[in-house]
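The structure appears right after this line, and notes come after that.
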Amino acid sequence: MSGSLFDRTLLGALYQQHHEELFRYAARFTGDADLAEDVVQEAFLRLSERPPAQTEAIRAWLFRAATTIAIDTHRTRRRRTALAEAGADRLPMAEQGPDPARSAERADLRRRVRTALEQLDARDRAVLLMREEGFAHREIAEAVGTTTKSVGTMIARALGKLARHLELTESDV
Amino acid sequence: MMNESNELTHIDAGDLVRLIDGELSLDDRAALDSHLSRCRDCVARREAVRGQASAIRELLRSADVTPPATPLRVAVAPVKTSAAVRWRAAAVVALVVAGAVAAPPVRAWIANVARAAWSSVTGGKNRPVSQFVPVEPGEAGAVSFVPVGSTFTISVPAPAPARVIVEAVEGNRVSVIGSRGQPVPGLVVLPSEVRFTQPSGGSGPDYFVRVPLTLQSINIVIGGRSLQTLRPVTAGERWTVPLGPDR
Ligand SMILES: [Zn+2]
């Protein structure tokens, strides 16, 4: 890439390109659509303030930033939630479906998945979810601050724990 | 990593994942393959991990919520001239963000604005330290600014069912507006370029770009390819350029 970096890239286009996948990642991580939106916006704010030197690494940079933000946000929110009592089981952005039975089923599935993800340690969860986004172990390691080799171990641990919580049996897999 | 000569050591769970994910070196991979060829237990464990991973992937996908159609809400990052920043010169990029008015509750520090300036910096040696490009709302939703340099680019990321109408004007400002006088969603303004990043819309929107005679050439770029170069000579000249295959 010759000359400039960001004059060949641009925030708007990057947002267009990445906000959906970042949102998906953040929503899975936080279990909360509003929070996930904030995470995405803050990641782009950070990008605008401290753009990385290498533009080709932007996607990984964005996910790394989102991971840091999500872990921090989640930590503070957990504290708040703990105080407020986690009773209100608010669904992340419940979708209106024409079929109430299906909607309920979907809501139930979401709750199940979210509860299972919450059982994971934040870094294990980030590792597992970044793998879902197709990142290499090296990139995942950089995002959560660990060694490339331990990423495999963390993924294995996260998969095992999720499978238990989701009660995946041999017939499911 | 397990030792190939040690038949009693099974492959650890992390290595199974690394194997599945193609993260092993050739040597390590060969060692594991050799073990797998002799150990049914480990083959079964590998398949179990694969199965878990794909079942979990399915569940995650079916539990996903639809991303909101929220526009970028980043607003104004002041240009930092710190030497520590690798980005040396500053060129402000203005983003015109459509629909920001409808943004849901936002954290206080993210301003809810329809027009946001974003500082980026160029690193090239040949480039002048580019100046702040103040973008002003022009008449009736138009965006107007003084371009840098004598060459200007109008671009879209990919062919689109849209046309851009370029008109040469007196003065020194470029102005951009949508077909019916409305602001253009996803318009990105660079010091010597405007980009239409959301040229969707089946009806085929038109964009009007007025270019001053101070510019020597206007490049129309579609998906990174230069399509046409316009050279305005007299005020009032007009070009209609289709941006896609359909028009
Ligand atoms: Zn074995």
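Points worth noting:
Okay, residues lined up against (1) away from the ligand (no atom under 16 Å from the Cβ); (2) more than 29 Å from A:Asp108 (Cβ to Cβ); (3) among the aliphatic types (A, V, I, L, M):
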residue: B:Ser37; (1), (2), (3): no, yes, no
residue: B:Cys42; (1), (2), (3): no, yes, no
residue: B:Arg46; (1), (2), (3): no, yes, no
residue: B:Arg57; (1), (2), (3): yes, no, no
residue: B:Ala63; (1), (2), (3): yes, no, yes
residue: B:Thr66; (1), (2), (3): yes, no, no
residue: B:Thr70; (1), (2), (3): yes, no, no
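- Verdict on A:Leu159 being in a helix (DSSP H, G or I) and either farther than 25 Å from B:Ala48 by Cα or modelled with pLDDT of 95 or more (or both): yes
- Enumeration of residues in the range A:109-127 that are touching a residue at least 12 places away in the same chain (Cβ under 8 Å) and within 8 Å of chain B (Cβ to nearest Cβ): A:Arg110, A:Arg112, A:Val113, A:Arg114
- Condition met for B:Ser25 (of a type in the set (S, T, N, Q), facing chain A (nearest Cβ under 10 Å), away from the ligand (no atom under 16 Å from the Cβ) and surrounded by fewer than 19 Cβ atoms within 10 Å (Cβ to Cβ)): no
- First in the range A:139-167 and surrounded by fewer than 16 Cβ atoms within 10 Å (Cβ to Cβ), second anywhere and outside any helix (DSSP H, G or I) and not aromatic (Phe, Trp, Tyr), Cβ under 8 Å, 6 or more apart: A:Thr148/B:Glu23
- For B:Ile11, the criteria (1) part of a helix (DSSP H, G or I); (2) within 15 Å of the ligand (Cβ to nearest atom); (3) in contact with a helix residue (DSSP H, G or I) (Cβ under 8 Å, 6 or more places away or on another chain) hold in every case but one, which is (1).
The values are calculated or read from the model by the stated rules, or taken from the named source; none is laboratory data. Keep in mind the model is a prediction, meaning the values are calculated, not measured. Reconstructed Cβ throughout: ideal geometry from the backbone, glycine too, with neighbour counts over all protein chains shown.
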